[in-house]
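What follows is a single structure, and I will ask about it in a moment.
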Amino acid sequence: MRRAFLPILPLALLLLIAGTWLAWQHRFEIDPSYPHLSLDDLVRDAVPDPGVTIQRNPAGNTEVTLTAGNPSSAVVQLLPLPLPGKVEFLMFDFAVKAEGLVPGPSPWSDGRVMIEWHPAHHRMEAQYLVSSRGNDAAENPCVVDDSPHGPAVPVLRLEHLGSSGSFHLKHCRIDVVRETAWWRIGHWVLLAGWFAWAAVVATWGRTSGLGASLLAAALWVFCVTQWAVPGPWGSIRPLAPLFAISEPAGRAVLSAPAVPPAAKPPASTATPPAQVPKSLGELPFGGSLLLEIKDRIKQARPLFHTLLFLGPTLVLVFLIGRWKSAVFAALLAGAIEWSQYLFGFGFDESDLFDLSFDALGVVLAILVHSRLSRWWRERKVASELAAAGDASASQAT
């Protein structure tokens, strides 16, 4: 019976992968009650701060440029979003370019774009969107950021913290999005499906009991959700170049200003010095605790990947045995690397390096389990022999 059921497991795995991909790609929809915002909309009423210019480039597109003047003074520009209320999810399409930007003394001292969230009953929190230095260019056609504490008022923040050079926001499109019913309900169905599939695999063949198998399945699903999809990332990215989002009918339109905007005043006199915004400095790390640990121990990356798989695999080996634990570990490693590639982080030699140390963690877990099992058996035999010796001595007396 089990052998007849075996071909269904790979098919169910493929269906779950396809369902997860489809649900993720359809996670968001544009909220039609909010207008689409372009960079023109963001700068329409903006007053440039010192070191900031807002102008049209040779192609006729609006561009915001931050130029370092005083190495000890940051160049900052705030661009409030002209939205009729608080929002929770924003989808960005942007492009930035650094030109001769020499970073400052701190790791974060470069050109960067952030989104500030101003909730009603919490302090403001800022999240990174992109940063650049030297002559690097960066663009992202689709990334979603969400407010950490529910609906809030968003403000786009540009900072140039380098000692020289310029930082350009060349393009920016912002849409208010919301989660679809397809995702809100479907992700729970998918979670149950993944747990059921893992439980069937965990109970296959010889097992130490149903409870241990269910616990192993729950541990594996937890690791997949934390390390692969949704993963540890601060921003929400599509598992493709773009989310599957269509333009809604009857969408709100940003009303035009009653009076044409006045010409932008010179940067040196645009804002009184006391009102010039300050840099936020180093921001709290965006993403999960796991990603923060990985960032802080960059020099010990092999150790990180080894321990990342050593711990969970060791628990799985004790719960369901070696070969099934190895299967789960291999699927987890594949899910992590494949999801990172689909999220747009690429795949190169360093990822092969990571996979090799993931495998080392699995091998070490099996070896540790073998040594501990042998030690336990020897201790148990010694205890039984000691008990038998005590019983013989008592009978002799």
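When ranked by the protection proxy of mean other Cβ atoms within 10 Å per residue, highest first, what sequence do the peptides 132-140, 159-167 form?
Values: 132-140: 15.0, 159-167: 22.8.
Peptide ranking by packing, descending: 159-167, 132-140.
Using amide H atoms built 1.01 Å from N in the peptide plane, name the residues 5+ places from His171, or on other chains, whose amide H lies under 5 Å from its own.
Ala95
Right, something else. If the chain between Ile8 and Asp45 were fully stretched, how many nm would it gain, using 0.36 nm times the residue separation less the Cα-Cα distance? Show your work: numbers first, answer last.
Working: separation 37, 0.36 × 37 = 13.32 nm, distance 6.04 nm.
Full-extension gain reported as 7.3 nm.
While we're here: Using amide H atoms built 1.01 Å from N in the peptide plane, name the residues 5+ places from Tyr34, or on other chains, whose amide H lies under 5 Å from its own.
Long-range HN contacts for Tyr34: Ala252.
Quick one: Karplus J couplings for the range 150-157, per residue in order, coefficients 6.51, -1.76, 1.60, θ = phi - 60°, nearest Hz, x for Gly and Pro?
x, x, 8, 8, x, 9, 7, 10
Taking the Cα-to-Cβ direction at Glu99 and at Ala18 and moving 7 Å from each Cα, how far apart do the two end points lie in nm?
The answer from the label model is 5.0 nm.
Sort 355-367, 118-130 by packing, meaning the average of other beta carbons within 10 Å per residue, with the highest value first. Don't skip to the answer; put the middle values down first.
Values: 355-367: 18.2, 118-130: 15.2.
So the order, starting with the most tightly packed, is 355-367, 118-130.
Continuing with this model, one more query. When Lys and Arg each count +1 and Asp and Glu each count -1, what net charge do the other residues less than 13 Å away from Leu316, Cβ to Cβ, add up to? Please list the in-between numbers first.
Details: positive: Arg322, Lys324; negative: none.
Residues close to Leu316 contribute a combined charge of +2.
Residues of the range 186-232: accessible area per residue at 1.4 Å, in Å²? Walk me through the intermediate numbers first.
Details: 2220 Å² over 47 residues.
Roughly 47 Å² per residue, with all protein chains present.
Which distance in Å, rounded to a whole number, links the C-alpha centroids of the range 12-39 and the range 175-216?
Value for the Cα centre distance between the two parts: 20 Å.
At 0.36 nm per residue, and after removing the present C-alpha to C-alpha distance, how many nm does the segment from Val276 to Ser106 gain when stretched out fully? All intermediate terms of the calculation are to be shown ahead of the outcome.
Details: separation 170, 0.36 × 170 = 61.20 nm, distance 2.15 nm.
Length gained, Val276 through Ser106: 59.0 nm.
Would you please give the residues with an amide H less than 5 Å from that of Leu129, counting only those at least 5 places away or on a separate chain, with H modeled from the backbone geometry?
Amide H neighbours of Leu129: Val113, Met114, Ile115.
Shifting gears a bit: Given a 1.4 angstrom probe, I'd like the percentage of the accessible area of the range 79-167 that is carbon and sulfur, rounded to a whole number.
On the way: 1880 of 3460 Å².
The nonpolar share, carbon plus sulfur, comes to 54 percent.
If packing is taken as the average number of other Cβ atoms within 10 Å across a peptide's residues, how do 277-284, 15-22, 39-46 rank, most packed first? Each step should come with its number before you reach the end.
Numbers: 277-284: 12.6, 15-22: 15.1, 39-46: 18.1.
Result, highest mean Cβ count within 10 Å first: 39-46, 15-22, 277-284.
Taking 0.36 nm per residue of separation and subtracting the Cα-Cα distance, what length does fully extending Arg251 through Leu78 add? Numbers along the way, then the final one.
Working: separation 173, 0.36 × 173 = 62.28 nm, distance 2.66 nm.
That works out to 59.6 nm of additional length.
For the range 101-161, what is the accessible area per residue in Å², given a 1.4 Å probe and the full set of protein chains?
Details: 2550 Å² over 61 residues.
Ligands and nucleic acids excluded, the result is 42 Å² per residue.
Here's something else I'd like to know. Can you list the aspartates and glutamates whose alpha carbon sits under 15 Å from that of Lys170, skipping same-chain ones fewer than 8 residues off?
Asp40, Asp41, Glu63, Asp93, Glu99, Asp136, Glu139, Glu159
Specify the inter-centroid distance of the range 63-93 and the range 307-368, based on alpha-carbon positions, in whole Å.
40
Further question: Restricting the calculation to Cα positions, tell me the Rg (one decimal) and the Dmax (whole number) of the range 133-178 in Å.
13.9, 40
Say a paramagnetic label sat at a point 7 Å from the Cα of Arg301, along Cα to Cβ; which residues of the range 125-140 have their backbone N under 20 Å from it?
It comes to 131-133, nothing else.
The values are calculated or read from the model by the stated rules, or taken from the named source; none is laboratory data. The model shown is predicted, which means the values in this text are computed figures rather than measured ones. No Cβ is skipped: glycine too gets one built from the backbone with ideal geometry, and neighbour counts run over all protein chains shown. Just so you know, the surface numbers come from the protein's heavy atoms only, side chains and all, with ligands and any DNA or RNA stripped out. Shrake-Rupley method; radii C 1.70, N 1.55, O 1.52, S 1.80 Å.
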